[in-house]
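A.B. asks: Got a structure for you, written out below as structure tokens; questions coming shortly.
Read-outs: derived from the displayed coordinates by stated rules, not from any lab. Just so we're clear, the structure is a prediction, and the values are computed from it rather than from any experiment. Quick reminder, even Gly has a Cβ in these numbers, built from the backbone with ideal geometry, and neighbours come from all protein chains shown.
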């Protein structure tokens, strides 16, 4: 069990991050969104590069490291998706109660 402690803690931290993002939402400025988008787009390339390095040099705990890097990338993409959802919901025209009658 001791060998999986770091993995369990990391997964719990990521689950907590997703929960906080889901329940409290994220609304980024245009500049923050553009920076996050650049990182998320490049993240798969970074993960692939690290995977090749780990496989080539047989780095200890390399697979675990790659898994965590990929999970962080997924969390960033999730945050970006929430920001898009919050932006489009706030930008949508509000329905007027008077117009519906």
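A.B. asks: Would you work out if the stretch 26-89 is rounded, prolate or oblate? Take a ≥ b ≥ c from the square roots of the eigenvalues of the alpha-carbon gyration tensor; rounded if a/c is under 1.5, else prolate when a/b is larger than b/c, oblate otherwise.
C.D. replies: prolate
A.B. asks: Ordered by packing density, taken as the mean number of other Cβ atoms within 10 Å over each peptide's residues, highest first, how do 19-31, 38-50 rank?
C.D. replies: 38-50, 19-31
A.B. asks: Give me the extension gain from residue 74 to residue 90: residue separation times 0.36 nm, minus the current Cα-Cα distance, reported in nm with one decimal.
C.D. replies: Going from the current span to full extension adds 3.3 nm.
A.B. asks: Between residue 49 and residue 16, how high is the FRET efficiency from 1/(1 + (r/R0)^6) when r is the Cβ-Cβ distance and R₀ = 25 Å? Nearest 0.05.
C.D. replies: Calculated value: 0.35.
A.B. asks: Now for a separate question. FRET efficiency for residue 39 and residue 4, Cβ-Cβ distance as r, R0 = 41 Å, nearest 0.05?
C.D. replies: Result of the calculation: an efficiency of 0.90.
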